[in-house]
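Worksheet for the structure shown next.
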């Protein structure tokens, strides 16, 4: 039995030394009672959930309201680590106060869909994919599906890292929605919430970004005893 692997852990794995890669692989076979969410989402939930809701409703007032709610409780926090967490979430939200969320979505009416909590099995490794929004829309008489995933890492993502996320999101949409919809690679969209940079799966298909998901998983598998 192999533990589920959040996409961010694959990206972290690529940065490890060979010794630490072996340790990473070995730990995947040790049973765990609980496994944390991808990207440390509990830490970033105040900003990421705000971005997700603002995207869905296409409304910047969501961001402003989230900032006000954080500020309401900020001064009551004495712990330095807690205040730092609030500061970091606030910094992200401030960057999106006047952001035009329409540039991240098709310019036609969207129907937002459920986000099944299933694991994507790739080469025997159960990959955890947790997008923020999944949506369908009709374009030229064709029903399409896309998704958006806001991600954060203080160590900073490379463009190729975001490409891995987009590949995983594409696989997730194929697995869950390809019977009813055509998966649109232009809207397998990853947003680095810190840098505000974006990557789509279409960039993988065009060769602008190298596909690294499967090769990374193969590397992980080689370190599993």
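In the stretch 57-77, the residues that are in the same structural domain as residue 46 (by TED's automatic domain parsing) and in contact (Cβ under 8 Å) with a residue 12 or more places away in the chain form Cβ pairs under 7 Å with partners that are surrounded by 15 or more Cβ atoms within 10 Å (Cβ to Cβ) and part of a loop (DSSP other than H, G, I, E, B), at six or more places apart or across chains, as follows: 60/99; 63/96. Taking helices (runs of 4 or more DSSP H) as the structural unit, those lying wholly within the stretch 1-105 and holding at least 2 residues that are modelled with pLDDT under 95 correspond to 18-27, 41-57, 61-74, 80-95. Being in contact with a helix residue (DSSP H, G or I) (Cβ under 6 Å, 6 or more places away or on another chain) and loosely packed, with under 15 Cβ neighbours inside 10 Å holds for only one residue in 97, 141, and it is 97. Restricted to the stretch 114-133, and to residues there that are in contact with a helix residue (DSSP H, G or I) (Cβ under 7 Å, 6 or more places away or on another chain) and in a strand (DSSP E or B), the residue that is farthest from residue 25 (Cα to Cα) is 133. Residue 18 passes every criterion in (1) surrounded by 13 or more Cβ atoms within 10 Å (Cβ to Cβ); (2) free of Cβ contacts under 8 Å to residues at least 12 places away in the same chain; (3) in the same structural domain as residue 191 (by TED's automatic domain parsing) apart from (1).
Listed here are the residues, each with its yes/no results for (1) within 30 Å of residue 223 (Cα to Cα); (2) within 18 Å of the chain's Cα centre (by Cα); (3) surrounded by fewer than 18 Cβ atoms within 10 Å (Cβ to Cβ).
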| site | (1), (2), (3) |
| --- | --- |
| 8 | yes, yes, no |
| 13 | yes, yes, no |
| 28 | yes, no, no |
| 42 | yes, yes, yes |
| 45 | no, yes, yes |
| 65 | no, no, yes |
| 71 | no, no, yes |
| 83 | no, no, yes |
| 87 | no, no, yes |
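With respect to residue 170, is the statement that it is more than 19 Å from residue 206 (Cα to Cα), surrounded by 17 or more Cβ atoms within 10 Å (Cβ to Cβ) and free of Cβ contacts under 8 Å to residues at least 40 places away in the same chain true? No: the conditions fail for residue 170.
The values are calculated or read from the model by the stated rules, or taken from the named source; none is laboratory data. From a predicted model like this one, the values you see are computed outputs, not experimental measurements. Neighbour counts run over all protein chains shown; Cβ positions are idealised from the backbone, glycine included.
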